[in-house]
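Colleague: This is the structure I want to talk about, given as structure tokens.
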Amino acid sequence: MTLNFVPQTDKMKSNTRQLKLTAMDGKPPTDSKGMVDKRLFSGENSLYAVMEPQTSLWSLKYEHGQVPTALQSNWTTFQGAYKEAKIYFNNRNVEITEIVD
């Protein structure tokens, strides 16, 4: 498992970026209670990295509902938020497959 990869964001300009998630092959997605919101894989719910313009801090938000406590922080860069989300979801058999600017 390689966690050092950080996406190239040189050309990304938006303050809101969608992180598309998929379950890892052959492994059921789990969280500390046993499940990850299945709507994240069907398109009914989405994970976003959002920069607050006044503070320039990035945070992670779901379209519907509240992100897990481990992801309720602020980061000074998109790469920091991305890395934390990647680690969190990799530990739950879920990978970030795409970033939509």
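The values are calculated or read from the model by the stated rules, or taken from the named source; none is laboratory data. Everything numeric in this text was worked out from a predicted model, so none of it was measured. Here the Cβ is made from the backbone with ideal geometry for all residues, glycine too, and neighbour counts use every protein chain on show.
Colleague: Being surrounded by fewer than 17 Cβ atoms within 10 Å (Cβ to Cβ), touching an Asp or Glu at 6+ places or on another chain (Cβ under 8 Å) and of a type outside the set (Phe, Trp, Tyr) is the filter; apply it to segment 58-67 and report the residue that is nearest to SER14 (Cα to Cα).
Modeller: HIS64
Colleague: In segment 23-52, which residue that is acidic (Asp, Glu) and part of a loop (DSSP other than H, G, I, E, B) is modelled with the lowest pLDDT?
Modeller: Pass one, segment 23-52, residues acidic (Asp, Glu): 25, 31, 37, 44, 52.
Filter once more, keeping what is part of a loop (DSSP other than H, G, I, E, B): 25, 31, 37, 44.
Values: ASP25: 83, ASP31: 65, ASP37: 80, GLU44: 88.
If we take residues in segment 23-52 being acidic (Asp, Glu) and part of a loop (DSSP other than H, G, I, E, B), then ASP31 is modelled with the lowest pLDDT.
Colleague: Here is a check on your reading of the model: is THR55 in a loop (DSSP other than H, G, I, E, B) and within 20 Å of LYS13 (Cα to Cα)?
Modeller: Values: in a loop (DSSP other than H, G, I, E, B): yes; within 20 Å of LYS13 (Cα to Cα): yes.
Considered against the rule, which asks whether it is in a loop (DSSP other than H, G, I, E, B) and within 20 Å of LYS13 (Cα to Cα), THR55 comes out as yes.
Colleague: Would you please list the contacts, defined by Cβ atoms under 8 Å and residues six or more apart or on different chains, that run from a residue in segment 81-97 that is farther than 15 Å from THR30 by Cα and aromatic (Phe, Trp, Tyr) to a residue that is at pLDDT 90 or above and crowded, with 19+ Cβ neighbours inside 10 Å?
Modeller: So the pair list comes out as TYR82/LEU19; TYR82/ALA49.
Colleague: Here's something else I'd like to know. Considering segment 61-97 alone, what residues qualify as being in contact with a strand residue (DSSP E or B) (Cβ under 7 Å, 6 or more places away or on another chain), under 17 Å from THR22 (Cβ atoms) and among the aliphatic types (A, V, I, L, M)?
Modeller: Listed by number, the residues that qualify are ALA85, VAL94, ILE96.
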